[in-house]
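Note sheet for the following structure.
Each value in this text was obtained by applying a stated rule to the coordinates, not by laboratory testing. Quick caveat: nothing in here was measured; it's all calculated off a predicted structure. Here the Cβ positions follow ideal geometry from the backbone for every residue, glycine too, while neighbour counts run over all protein chains shown.
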Amino acid sequence: MLTVLLDGVASGMLLFVLACGLSVTLGLMNFVNLAHGAFGMAGGYVCVVLLNRYGVPFLACLVAAALFAALLGAVLERTLYRWLYGRDHLDQVLFSIGLVFMASAVVDWLMGARQQLITLPGWLQGRIEIGGGLATIGVYRLFLIALCGAIVLALHLGLVRTRFGSRLRAAVDDAVVARGLGIPVDRIFAVTFAVGSGLAGLGGALGVEVLGLDPTFPLKYLVYFLIVVAVGGANTILGPFLAALLLGVVDVAGKYYVPEVGAFVIYTAMVVLLLLRPQGLLARGGAR
Amino acid sequence: MAMQASTTRRGLLAGGAAAAVAGAALGTARRSAAQRGGGEAVRIGLILPMTGPFASTGRQVEAAVRAYLGANGETFGGRRVELLVRDDTGVAPDITRRLAQELVVRERVRFLAGFGLTPLALAAAPIATEAKVPMVVMAAATSIIVQRSPYILRTSFTLPQATVPIADWAARNGIRNCATLVSDYAPGLDAERAFKERFTAAGGRVPLELRAPLRNPDFAPFLQRVHDAKPEALFIFVPSGEGAAAMKQFAERGLREAGIRLIGTGDLTDDDILNDMGEPAIGVVTSHHYSAAHDSAENRAFLAAYRRVAPDVRPNFMAVGGWDGMHLIAEGLKRAGGGASGDQLLAAMKGLSWTSPRGPITIDANTRDIVQDIYIRRVERRDGQLWNIEFDRIAQVRDPGT
Amino acid sequence: MSGGGTTLAAAVPARTGQAAQPGRRWGLFAAEGLFWAAWPAAYFAFPDYLPLLSQVAIAALFALSLDLLVGYAGVVTLGHAAFFGLGAYTAGLLAVHGWGEPLSGLAAAAAAAALLGLVTAPLVLRGGELAGLMVTLGLGLMLYEAANKAAAVTGGADGLQGVEIWPVLGLWRFDLFGRTAYLYSLAVLFLMFLLARLIVSSPFGLALRGIRANAWRMHAIGTPVRARLVAAYVLAGAFAGVAGALLAQTTQFVSLEVLAFQRSAEGLLMLVLGGLGRLYGGLIGAVAFMVAHHVLSGVTPQFWQFWIGAALVVLAIAGRGGLLGLLKAVWARLLSRRRGGGSTAQ
């Protein structure tokens, strides 16, 4: 069933874009940011408002959502988050859950508690057959796969090939030494945080159509984000990516073939994977 | 050892201080509660999900209750009524129960009302029984609720009540096999059972019964199953708010092009968000007890009153449950008098009939459940907006279980 | 828990210094008495708030059980509601099937939860910190789903109906005003607290602290690290099971929500809010959180979350070690000022 597989890939890709920022903050900055979904929610609402109230084209909305979330991330990082670097993880949990509560209440106040809906532009609606009638897939899901695939590639190359990427990796491996070598560690972290938030914002905007959007969004999908990061391992881009794909495919296939079992499939898969590979799918041996 | 023991004690002063602060906070709340009293007013405890995943239900009901008071004054049976709204977050029956208990014991409310979801209503039912306080269920829709306390009256609907007419309609309109997709919780199972029983009794066949988890991010795989099974129609029940996602997936999967018709209860085409659902919703046939497009003087008055409270929101079936629930309370007070006991109020409310914004309704004197007309509606575009347009009516439907 | 290790290390010198100040010990002793006197006092002071107060006591017991695991053993969990829920269903099901005796219900709940802990401990304690955390989360979610699917037994999403609890010790019936429920919850909380205190000051408790600070060294000096952690996990599970059973018995209702992720997260929140590894932290965090929640959601049913969230953010940024840490700092400052002026009197 190619259709099921492709659906799973699409939802996995979307999940990755939403969650990869969390993986970055956790793995690279050792910060437990449970408020990550709030940036996704911010992006989603920006997209909804621009599209529905002002009729901005969908693609522009996506860009705006990403930029807004990135900006929000940068501002919060500079004003609030930086106070908690290097603190106990549980303090960070307290802080970020507090942020989620505030974000949900603010969104509720501004936009109300109901589900937000958008209508996609015509060119993203409908579905096409591929492989000579082998499978059909929605155009929007293909769009998701293509866009998110490009993002994954860009992230991976950015981290491996660019100067910023190598500085980032250096700062993560040993912040003190990196600082000693003249690498502006604080600024690199700030930029990284903003990029992660921006990606979440983009994911939130892309997800309005598929995942829905209401003020409980950050908590509703928190569990999924955590699964992606934990199963994928927090040190790479490809690990969480594979984890998200796996999660998407297993989730969709589970619902298709054994709907009676429901959400069991995904949780069982997670526990089994964690027991087999506690450090993540692509963990370097003994990297911790 | 000694070192250890002293550490635990170290925190203690802090403990005492915190307890004192907590005490002060409770004291403040208590005083303000006493000031609000005024002795004469009839207090109504309205327990609703005002935050969390079902917040829209709470908002709709609260706005409708306030709209009723705005339109009809706040004095009934010689007493002013006072609303005490409490948030139970929609997912925590222990909180609902505690709030009900507090409202009864501390605030001396004469009515309990609201109740967004079945488990929440069930958790509060014993309180109503023990305190002999009438409990008006304005939203929750599982059949069994009214049986859980002789003090419960319902002004919303029951799922079998709303489901049976669409099963009949489907059978009458040449649909011979119809798959079902419901959310996996009590109301969903109620709907599934009611649909299957009625539809197969009329000679139909249900080839596929799917249950989606309640907290389900993606209907796609379920709808893909339906697509591959190729039934003539698909019956969907999902809680208010989730319908849009299901419908979008229905369109995106090409189920309509594959010749599969979409039917359901009115939860699917919830008026609250119907307008944003766009093209995919058009032509969907549902059965329900209320549409904001219902053509009657009562409904126009309701819409006008509601608009004054919540200008940007279209009232949905939850709102009409709140409006009628408040009407029931008001009538009870008028008939039994403002100073009547819980049992007298209950007796005055049982068996009442009136014309609601949804049409004629009766609170059955024996079951205390609502008897009402159920309409078959089709989503159409009128004046640039989407509405559930009623085109058939089944008069005075009871909950099939009773 | 690298962060946990450093906080503990930082706390050690302060503690040794403190043992030399008898006056300060008496002050704390008085505070402890005050804290426990406040609970029965609340019974008389706020007779209308007893349902809330019993839920506060239950939340406090749940937070206490988390403290044993997180604060003392250093095992962070996001699935602690599994134990709470299992305890609640155990007590609830017993009552539904004709055995409503409350105290034996508590015992059965503790046993069931402890058994669950014993079975799952090997899975949870296997991997690293994050993996273990996620396994607890996964197990918690699986148990929730299982309870949801087993509607014939648990009542599914409707909740467990028909829970009837017999009078406590055959004497006190659970009443509408929540008097029995409160005194019963309070008594159980107090006894469980005494037990917890006994445990953490025993050699076993010391071993746990040692493991949290430096597991390798404890291993090297011959402590069976793994066995100790399993024991702590089972113990915390049993405590949480008792809390769950209390909720089931005092509300005479069990819903799926007892197993929900939100309950695990909220428990952790209360604990961190109050302060880790001090036993009283969980209790104070629970009191503060529940009272704040109650007052705020009474004032603004729609937007109480904002203010709770703001308080959490401020506390996380400002205070190290939660409310207790904050109060301790204030106390230390007061004390040093007083000692400066009062030393001549001694």
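What the table below lists for this structure:
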read-out: Crossing angle, helix C:203-213 versus chain C [Cα axis fit, 0-90 degrees, rounded to tens]; value: 70 degrees
read-out: Cα centroid separation, segment A:1-20 to segment B:203-236 (Å); value: 21 Å
read-out: With Cα atoms, 0 to 90° folded angle of helix C:225-251 axis to chain C main axis; value: 60 degrees
read-out: Amide H contacts of B:Arg86 (H built 1.01 Å from N, under 5 Å, at least 5 apart or other chain); value: B:Leu46, B:Ile47, B:Leu48
read-out: Sorted peptide list for B:73-85, B:253-265, criterion being average Cβ within 10 angstrom, highest first; value: B:253-265, B:73-85
read-out: Averaged over B:273-286, number of beta-carbon atoms from partner chains that fall within 10 Å; value: 2
read-out: Highest-MSF residue in chain B out of B:Gly203, B:Gly266, B:Gly116 [GNM, Cα springs under 10 Å]; value: B:Gly203
read-out: Magnitude of the charge dipole, chain C, Cβ model with Lys/Arg +1 and Asp/Glu -1, debye to 20; value: 1660 debye
read-out: Label-point separation, B:Ser296 to A:Thr79 (7 Å along Cα→Cβ), nm; value: 5.2 nm
read-out: Lys/Arg +1, Asp/Glu -1 at C-beta; chain B dipole; positive extreme among B:Ala336, B:Gln147, B:Leu255; value: B:Ala336
read-out: Phi-based couplings in Hz for segment B:240-253 (Karplus 6.51, -1.76, 1.60; Gly and Pro marked x); value: 3, x, 7, x, 4, 4, 4, 5, 4, 5, 4, 5, 5, 6
read-out: Per-residue mean of C-beta atoms belonging to partner chains within 10 Å, peptide C:276-283; value: 5
read-out: Fraction of beta bridges assigned by DSSP in the protein assembly as shown that are antiparallel (%, nearest 5); value: 45 percent
read-out: Residue order, fewest to most beta carbons within 10 Å, for A:Ile130, A:Ile183; value: A:Ile130, A:Ile183
read-out: Residues C:Ile221, B:Ile389 arranged by fewest to most Cβ contacts within 10 Å; value: C:Ile221, B:Ile389
read-out: Inter-chain Cβ neighbour average for residues B:243-251, partner chain, 10 Å; value: 3
read-out: Sequence-separation-based contact order of chain B, relative, with Cα cut under 8 Å and 6+ spacing, percent; value: 17 percent
read-out: Sorted peptide list for C:129-141, C:295-307, B:51-63, criterion being average Cβ within 10 angstrom, highest first; value: B:51-63, C:129-141, C:295-307
read-out: Linear extension gain, C:Asp175 paired with C:Leu194, 0.36 nm per residue minus alpha-carbon span; value: 4.1 nm
read-out: Neighbour-count ranking [beta-carbon atoms within 10 angstrom, fewest first] of A:Val75, C:Val230; value: A:Val75, C:Val230
read-out: Alpha carbon centroid spacing (whole Å) that separates segment A:72-97 from segment A:103-161; value: 29 Å
read-out: In order through segment B:144-154: 3J(HN,Hα) via Karplus (6.51 cos²θ - 1.76 cosθ + 1.60), integer Hz, x for Gly, Pro; value: 5, 3, 5, 7, 7, 7, x, 9, 8, 10, 10
read-out: Amide H contacts of B:Arg205 (H built 1.01 Å from N, under 5 Å, at least 5 apart or other chain); value: B:Asn177, B:Cys178
read-out: Among C:Phe253, C:Phe44, C:Phe239: highest mean-square fluctuation, GNM of chain C, C-alpha pairs under 10 Å; value: C:Phe44
read-out: Placed amide H near B:Ser291: partners under 5 Å, 5+ positions off or other chain; value: none
read-out: Phi to ³J(HN,Hα) by Karplus 6.51 cos²θ - 1.76 cosθ + 1.60 over segment A:265-278, Hz, x for Gly, Pro; value: 3, 5, 5, 4, 4, 4, 4, 4, 4, 5, 6, 6, 10, x
read-out: Selected from C:Leu130, C:Leu259, B:Thr89, residue furthest toward positive end of dipole (the protein assembly as shown; charges at beta carbon); value: C:Leu130
read-out: Ranked by how many other beta carbons lie within 10 Å on average, peptides B:321-332, B:281-292 from highest; value: B:321-332, B:281-292
read-out: Within chain B, helix-based [θ] at 222 nm, where runs of 4 or more DSSP H residues each add -39,500 (n - 2.57), nearest 500; value: -14000 deg cm²/dmol
read-out: Relative contact order of chain C, defined on C-alpha pairs under 8 angstrom at six or more residues apart (%); value: 30 percent
read-out: Test item: Cα-centred dipole of segment B:75-181, Lys/Arg +1 and Asp/Glu -1 on Cβ, debye; value: 260 debye
read-out: Spacing of the two label points (7 Å from each Cα toward its C-beta) at B:Asn72 and C:Val314, in nm; value: 4.3 nm
read-out: Reachable lysines, given that their alpha-carbon falls under 24 Å from the alpha-carbon of B:Lys334 and they are not under 8 places away in the same chain; value: B:Lys132, B:Lys350
read-out: Size of charge dipole - the protein assembly as shown - debye, nearest 20, with Cβ of Lys, Arg +1 and Asp, Glu -1, no other charges; value: 3100 debye
read-out: Degrees between helix B:220-229 axis and first principal axis of chain B (Cα, 0 to 90, nearest 10); value: 30 degrees
read-out: Translational diffusion coefficient (Stokes-Einstein; Kirkwood radius from C-alpha pairs) of the protein assembly as shown at 4 °C, 1.567 mPa s, in µm²/s; value: 43 µm²/s
read-out: Within chain B, percent of DSSP bridges classed antiparallel, to nearest 5; value: 40 percent
read-out: A:Ala60/A:Phe143 FRET efficiency (R0 22 Å; Cβ-Cβ; nearest 0.05); value: 0.90
